[in-house]
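Have a look at the structure below, then the notes.
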Amino acid sequence: MKLRKIVCPFLCLLLWGCSQKEIAQNSNPQQEVGKRQQQLAVEDAYVKSVQYPETSYPKMNKRIKELIHSYESSFIKQAVKMKETRKPEFNVSYESYVKDNRYLSVKLLFYEVLYQKNETVETMVYDTKQNTFLTIEDFLSEDALTQLSADVIQYFQKHASKACDRDAFRTHSAALMENYAHFVLKKDAMVFYFPPHTLFDTTATYECPYEKIKGKTALSSETIPTVVPYEDILNEPVKNIDPQKPMVALTFDDGPSKRYTAAILDALKQYHGSATFFVLGSNAANAPNLLQRMVLEGNEIGNHTFSHKQLTTLSKANIEEEIAATQESIYGITRTYPNVIRPPYGSKNDTVMQCAQGKRIVTWSLDTRDWKDRNTKIIVERVLKQVKDGDIILMHDLYDTSAQAAIILIPKLQEKGFQLVTVSELYTYHPDKVRRS
Ligand SMILES: [Zn+2]
């Protein structure tokens, strides 16, 4: 399909303004589209962590929600019937890209653990000028498809020779549009995904630079300037912690959140308290300024993995990847590697401990259940009623009610005589009194 050039300068400006907004919201090179949304639940029958972008395009939002809903409903149907000791898990993470201020791509990764693990990928590409979804037929001519298929076969024969002689590989690499239906448009390349049990048992990825498909698509190679470089972190404040006095560690998981984290940081700063923020690697680059503030103001940043999967369901290599990618993502912004890891849902086993490589695995002793109640008063009362010296308090900087509760709790806990310290400080100054679940 030949994409027509815009003729109306006003419309052009309007649309450009629209997609600029899309881009400006995020500085994460893997999450360039929309506002990140997160849902977390620890139910009796299963656990879930869902992340997706909310864009300025209702059609796109509708499709994203429908996809997640359809996967989640069929997951729940199976999960409630399961009689395993291990809790079933539903996890959605995403990547999103903007090309030429015009094409928005979203890749949703579904990871489910029922009796077995199941991973799959869904993609969508939206043209903001025509307000419509585009499919692979819009980009590739039959000739281009034949060439692409030949390139894909050659690439995997070179890089994954072991399985390329199977029938499944031949069937799913053939020059048929449906084989190449999962793709995104990055700035400089079109990326194709082959879901599990097509080319191979697991998802395969093939990146094709636009030059290679030149003349077959209407895409230009125009690039968009990205993020401003961060300033290096220099000084952390000096603290006066009295090892003889009671202390607790407030911890906030799953952020940072552009909406709520700053308010918590403000309160900590005002009352000279510290906390630990267990951030998601995939989320860190969305708010580099918040991460820098955390460190500069004496808080601790912990590793909460990259995509919030239950680590005990992953292979050793995948656990290491989840941890390492997050370490690097945080280091890239703060020039500091976290020393503490909180595994999602607190799930750990010997393999997880090994993969931590000397970093401390931290759970909690006081669960505020803030994600469930979403009620400031209940959260505050629960903490004040239960809190003891050495507690590690679990909260999430994802909800307004949690941020409001933290703002109330920070001075109240101090009034009760508790010093507010980071998890590492708690272990350093109060090693015998640290409370664990
Ligand atoms: Zn979490």
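The values are calculated or read from the model by the stated rules, or taken from the named source; none is laboratory data. Nothing here was measured: the structure is a model prediction, and the numbers come from that model. Using ideal geometry, Cβ is built from the backbone for each residue, glycine included, and neighbour counts are taken over all protein chains shown. These area figures cover heavy atoms from the full protein model, side chains too; ligands, DNA and RNA do not enter into them. Shrake-Rupley method; radii C 1.70, N 1.55, O 1.52, S 1.80 Å.
For this structure, a couple of remarks:
- In region 128-137, residue modelled with the highest pLDDT [restricted to those that are of a type outside the set (A, V, I, L, M) and under 16 Å from residue 179 (Cβ atoms)]: 135
- Whichever residue in region 253-267 is open to solvent by less than 10 Å² (accessible area, probe 1.4 Å) and in contact (Cβ under 8 Å) with a residue 60 or more places away in the chain and, among such residues, is farthest from the ligand (Cβ to nearest atom): 267
- Among the conditions (1) assigned to a helix (DSSP H, G or I); (2) within 14 Å of the ligand (Cβ to nearest atom); (3) in contact with a Leu (Cβ under 9 Å, 6 or more places away or on another chain), the only one that residue 319 does not satisfy is (2).
- Within the set 432, 373, the sole residue that is more than 27 Å from residue 238 (Cα to Cα) and either under 27 Å from the mean Cα position of the chain (by Cα) or not basic (Lys, Arg) (or both) turns out to be 373.
- Unique match (being at positive phi, at pLDDT below 95, open to solvent by 20 Å² or more (accessible area, probe 1.4 Å) and outside the structural domain of residue 85 (by TED's automatic domain parsing)) among 159, 197, 172: 197
- Some residue of region 322-331 being within 14 Å of the ligand (Cβ to nearest atom), of a type outside the set (Ser, Thr, Tyr) and in contact with a Phe, Trp or Tyr (Cβ under 7 Å, 6 or more places away or on another chain): yes
- Check on residue 202, open to solvent by 50 Å² or more (accessible area, probe 1.4 Å) and in contact (Cβ under 8 Å) with a residue 60 or more places away in the chain: yes
- Residue 279 passes every criterion in (1) more than 16 Å from the ligand (Cβ to nearest atom); (2) under 25 Å from residue 54 (Cα atoms); (3) modelled with pLDDT of 95 or more apart from (1).
- Residue list for region 331-360, restricted to those being under 23 Å from residue 29 (Cβ atoms) and at pLDDT below 95: 331, 332, 333, 334, 335, 336, 337
- Members of region 37-66 that are in a loop (DSSP other than H, G, I, E, B), within 16 Å of the ligand (Cβ to nearest atom) and surrounded by 16 or more Cβ atoms within 10 Å (Cβ to Cβ): 46
- Selection count, region 337-358, where residues are on the phi < 0 side of the Ramachandran plot and within 15 Å of the ligand (Cβ to nearest atom): 9
- Any hit, region 124-135, residues being crowded, with 20+ Cβ neighbours inside 10 Å, farther than 27 Å from residue 315 by Cα and hydroxyl-bearing (Ser, Thr, Tyr): yes
- Residue in region 332-339 that is outside any loop (DSSP other than H, G, I, E, B), within 28 Å of residue 243 (Cβ to Cβ), touching a Lys or Arg at 6+ places or on another chain (Cβ under 9 Å) and not aliphatic (A, V, I, L, M) present: no
- Sole exception among (1) surrounded by fewer than 19 Cβ atoms within 10 Å (Cβ to Cβ); (2) more than 16 Å from the ligand (Cβ to nearest atom); (3) among the hydroxyl-bearing types (Ser, Thr, Tyr) for residue 334, by number: (1)
- Counting only helices (runs of 4 or more DSSP H) that fall entirely inside region 340-403 and contain at least 3 residues that are surrounded by 19 or more Cβ atoms within 10 Å (Cβ to Cβ), the qualifying elements are 376-386.
- Cross-chain or 6+ apart pairs with Cβ under 6 Å, region 282-301 first and of a type in the set (D, E, K, R), then surrounded by fewer than 24 Cβ atoms within 10 Å (Cβ to Cβ): 293/265; 297/269; 300/424
- For region 396-412, the candidate set comprises residues that are of a type outside the set (A, V, I, L, M, F, W, C) and closer than 19 Å to residue 363 by Cα; within that set, the residue that is nearest to the ligand (Cβ to nearest atom) is 396.
- Residue within region 250-261 that is of a type in the set (A, V, I, L, M, F, W, C), within 29 Å of residue 426 (Cα to Cα) and modelled with pLDDT of 90 or more present: yes
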